[in-house]
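Novice: Below you will find the structure I want to go over with you.
The values are calculated or read from the model by the stated rules, or taken from the named source; none is laboratory data. Since we're looking at a predicted model, the values are computed, not measured. Glycine gets a Cβ as well: all are built from the backbone with ideal geometry, and neighbour counts include every protein chain shown. Accessible surface is based on the protein model in full, side chains and every heavy atom, while ligands, DNA and RNA are left aside. Shrake-Rupley method; radii C 1.70, N 1.55, O 1.52, S 1.80 Å.
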Amino acid sequence: MNNVLVRRLAQLVPMLFFISLVSFLLVKLAPGDPVQAYITPRMNPEDIERIRHSLGLDKPMFMQYLLWLKNVLQGDLGYSLIYHRPVLTMIAERIPATLGLMGASLVLAMVLAIPLGLVAGAFKHRWLDHFLNMFAYIGISVPIFWFGILLITVFSVQLNWLPSMGMRTIGMEDSWLDVVRHGILPCIALSFYNLSNYVRYIRSNTITQLSADYVQTQLAYGATRRSILFRHVLKNVLLPVITLFGISFGELVVGAYVTESVFSWPGMGLLGIQSITSLDYPLIMAMIMLSSLMLIVGNLLADMLYRVADPRIKALR
């Protein structure tokens, strides 16, 4: 397993290099000019060029990429063109909020999906199965931003139960319960889509496992369907879900961008949207590389967990 981990980590470097090269070219070729944020109506052209030179935007694109890559390899992600702060500092301030929201949504989706998917598969073609299927189809079809706005309208505007935006209430910055209250709605919105996917995936695998020979053997020995479902079928059903977990880990990064924008959650997603609208090149590149790294690490983690959960895979080299 250690050899497999070393090989996968070795593949990580060229993959990130290719992503950085393509992303840098796309960002630079995008329309717009970040220098416009510094220009005033009466500014001289010489001053404009002086600003462009100070930001390093007057160099050829290839030289700009090499300079950016050199700084990144030294642990310097650059300096924000708009916020005038180190990019690494800004990310360090925002990433705990995003990781907390993503972690909570993953746990919520998995905890709810496992029993719901098992029950739907065990009661195939019955009213409970039809109801859960309808729920799953709605979750897959509804856009995250629309569902988030719906949650705000119902639970914040009409019922006034939960806050609609932000992470903390003014004057309650030290209260973790206040953070939890603010995180309930974005967590539900972010986990809704993955919950629907998990339910359908677990249901399909449950139906397949219930028709397997070992289930009929257990029934012949007098085992109850409930014990078979939760002691034997559950173990086999969760193996493919581990792979789905790794894939959804990357999808959550994109979902967090939209969800944090809707709820004004002060995390990486909201910062990423702001960097794109202001053409903050160093911040955009840092966000792209971090999102790509999280996606790759999620798939690597799923691969490793799969090997731990299924000893037969350990023998494969």
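Novice: Being touching a residue at least 60 places away in the same chain (Cβ under 8 Å) and surrounded by 24 or more Cβ atoms within 10 Å (Cβ to Cβ) is the filter here, so list the residues in region 263-279 that pass it.
Specialist: Phe263, Trp265, Gly267, Met268, Gly269, Leu271, Ser275
Novice: Sticking with this structure for a sec: Confirm whether Leu293 is within 17 Å of the chain's Cα centre (by Cα), at pLDDT 80 or above, open to solvent by 30 Å² or more (accessible area, probe 1.4 Å) and at negative phi.
Specialist: yes
Novice: Looking at region 122-135, which of the residues that are at pLDDT below 85 and more than 21 Å from Ser191 (Cα to Cα) is surrounded by the fewest Cβ atoms within 10 Å (Cβ to Cβ)?
Specialist: His125
Novice: So, in region 178-209, how many residues would count as being more than 24 Å from the chain's Cα centre (by Cα) and open to solvent by 30 Å² or more (accessible area, probe 1.4 Å)?
Specialist: 5
Novice: I've got another one for you. Can you confirm whether region 249-264 contains a residue that is in contact with a Leu (Cβ under 7 Å, 6 or more places away or on another chain), modelled with pLDDT of 75 or more and outside any helix (DSSP H, G or I)?
Specialist: Checking region 249-264: at least one residue is in contact with a Leu (Cβ under 7 Å, 6 or more places away or on another chain), modelled with pLDDT of 75 or more and outside any helix (DSSP H, G or I).
Novice: Could you list, in sequence order, the residues of region 98-118 that are hydrophobic (A, V, I, L, M, F, W, C) and open to solvent by less than 10 Å² (accessible area, probe 1.4 Å)?
Specialist: Selection gives Leu101, Met102, Ala109, Ala113, Leu118.
Novice: Go through (1) on the phi < 0 side of the Ramachandran plot; (2) open to solvent by less than 30 Å² (accessible area, probe 1.4 Å) for Gly56 and report which single condition fails.
Specialist: The single condition Gly56 does not satisfy is (1).
Novice: Could you tell me which of the residues Asn160, Asn133 is touching a residue at least 40 places away in the same chain (Cβ under 8 Å) and out of contact with any Ser or Thr (no Cβ under 8 Å at 6 or more places or on another chain)? Can you show your working first?
Specialist: Values: Asn160 fails: touching a residue at least 40 places away in the same chain (Cβ under 8 Å).
Answer to the check: Asn133.
Novice: When region 80-97 is examined, which residues are found to be more than 20 Å from Val179 (Cβ to Cβ) and open to solvent by 70 Å² or more (accessible area, probe 1.4 Å)?
Specialist: The answer is Tyr83, His84, Arg85, Leu88.
Novice: Grab the helices (runs of 4 or more DSSP H) fully contained in region 170-231, keeping just those with 3 or more residues being of a type in the set (A, V, I, L, M, F, W, C) and in contact (Cβ under 8 Å) with a residue 24 or more places away in the chain.
Specialist: Answer list for region 170-231: 176-210.
Novice: Identify the residue in region 167-177 that is of a type outside the set (Val, Ile, Thr) and open to solvent by 70 Å² or more (accessible area, probe 1.4 Å) and, among all such residues, is nearest to His125 (Cα to Cα).
Specialist: Step by step, filter region 167-177, then rank; the result is Leu177.
Novice: Now a separate question. Can you name the residue in region 210-246 that is of a type in the set (Ser, Thr, Tyr) and over 30 Å from Leu295 (Cβ atoms) and is also farthest from the chain's Cα centre (by Cα) among such residues?
Specialist: In this case the residue turns out to be Tyr221.
Novice: Moving to a separate point now. With (1) touching a residue at least 60 places away in the same chain (Cβ under 8 Å); (2) open to solvent by less than 50 Å² (accessible area, probe 1.4 Å); (3) not basic (Lys, Arg) as the list, and Ile149 as the residue in question, which single condition is left unmet?
Specialist: (2)
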